[in-house]
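S.K.: Handing you a structure now.
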Amino acid sequence: MTARISVSSWTLHRALGAMWLDGFDPAKQTPPGPAREIDLLELPGRAAAHGIRTLELCHFHFSSREEGYLAELAAEADTHNVELYSILIDDGDITAPDPAVRDRDTAWIRSWIDTAGELGASAARVIAGDTDPVHANGSLTEDPNIRQSAIALKELHAYGAERGVKVFTENFKKLSLKADQLLAILELCDGQITICADFGNFKGEDRYEEFAKIAPHATSAHAKAQYTDDGAIIPDDLIGGMRVLNQHHFQGPFSLIFDQPMADGKTEWDYLDLMKGIADQHIQA
């Protein structure tokens, strides 16, 4: 595997429209409105036209999980020589305090790992936990929520392996938004779980120090940038994060994420092209 430019379907969320059609959380059921421009089926061709050959797909952008739809999506990717790398499972809490909720969420996550396998995606991202550590000042590897996260991730890893799907996690949501907490989870996972390292999810003046701690464990990455009011890219964060990954000989999909307001007259594709132009100059293949 090599480092390669990718894109998350979240970057195109305005064009795709949020779906949330599987009924997991009725409060998030948002059928596509009249402003929706494309279906997920069209994304491989559109991405390829912009020079991007690897995709990560948010679970809520699937308008169907029927066998025929998944086969059509896989065929579209194959036609355009596009890799469907992963499904980003963007909900569910494997550390929920209520065991019944935790079991429900874990079963739902398994169903999306099944979908990843049926689609032919090689990986699925699972949230490490949406709870805080219980022991604020104690050993992180002894913390019950961190231990529960590791237990669940290892179980999901084994479940995914049987379906040809690599389960990984990310510095995303409460339990993994500090590098030391995420590293404690990885330690308890005995090397079975790797991460997507997201530039933009660490905040504050120490964000690069935090990012550098997790970078050695990254098998994929999410890259974000800041923009001026008139839509010009400010490349410092994007380039800085790439340099950290390059120092650790990163090999994997480098997904460009656009999640900012759009300037008048610009589209998500315009911002994607801006980011790709910079990322192409700094990625180490």
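The values are calculated or read from the model by the stated rules, or taken from the named source; none is laboratory data. Quick caveat, the model's predicted, so the values are computed rather than measured. Here the Cβ positions follow ideal geometry from the backbone for every residue, glycine too, while neighbour counts run over all protein chains shown. With ligands, DNA and RNA removed, areas are computed over all heavy atoms of the protein, side chains included. Shrake-Rupley method; radii C 1.70, N 1.55, O 1.52, S 1.80 Å.
S.K.: For region 161-226 and region 92-138, what is the separation of their C-alpha centers, rounded to whole Å?
M.R.: Region 161-226 and region 92-138 have Cα centres separated by 15 Å.
S.K.: Let me ask something else about it. From the helices alone, meaning DSSP H stretches of at least four residues, give me the mean residue ellipticity at 222 nm for the chain, per-run term -39500 (n - 2.57), in deg cm²/dmol to the nearest 500.
M.R.: For the chain, the value works out to -12000 deg cm²/dmol.
S.K.: Given the options Phe199, Leu40, Ala184, identify the residue whose Cα lies farthest towards the positive end of the charge dipole of the chain (+1 on Cβ of Lys, Arg; -1 on Cβ of Asp, Glu).
M.R.: The Cα lying farthest towards the positive end belongs to Ala184.
S.K.: Right, next: In the structure displayed, which of Lys224/Lys276; Lys178/Lys203; Lys203/Lys276 lie more than 19 Å apart, Cα to Cα?
M.R.: Exceeds cut-off: Lys203/Lys276.
S.K.: Okay, next question. Rounded to the nearest 20 Debye, what is the dipole magnitude of region 205-285 about its Cα centre when Lys and Arg each give +1 and Asp and Glu each give -1 at the C-beta?
M.R.: 420 debye
S.K.: Also, I was wondering about something else. With no solvent and one point per C-alpha, what does the Debye sum give as log10 I(q)/I(0) for region 174-243 at q = 0.13, 0.15 Å⁻¹?
M.R.: -0.40, -0.51
S.K.: Carbon-plus-sulfur fraction of the accessible area of the chain, 1.4 Å probe, in percent?
M.R.: Accessible surface attributable to carbon and sulfur in the chain totals 49 percent.
S.K.: Please state the charge dipole magnitude for the chain, taken about the Cα centre, from unit charges on C-beta atoms (+1 on K and R, -1 on D and E), reported in debye and rounded to the nearest 20.
M.R.: Using only the charged Cβ atoms, the result is roughly 360 debye.
S.K.: Let me ask something else. From the P(r) of the chain, could you give the percentage of C-alpha pairs in the tail past 31 Å?
M.R.: 25 percent
S.K.: Hey, another quick one. Within the chain, what's the longest stretch lacking GluC sites (Glu not before Pro) that sit in DSSP loops with no more than 13 other Cβ atoms inside 10 Å?
M.R.: In short, 67-161.
S.K.: Another one. So what is the accessible area of region 149-285 per residue, in Å², with the probe set to 1.4 Å?
M.R.: Spelled out: the 1.4 Å probe surface of region 149-285, per residue, equals 44 Å².
S.K.: Antiparallel as a % of all DSSP beta bridges within the chain, to the nearest 5?
M.R.: Of those bridges, close to 5 percent are antiparallel.
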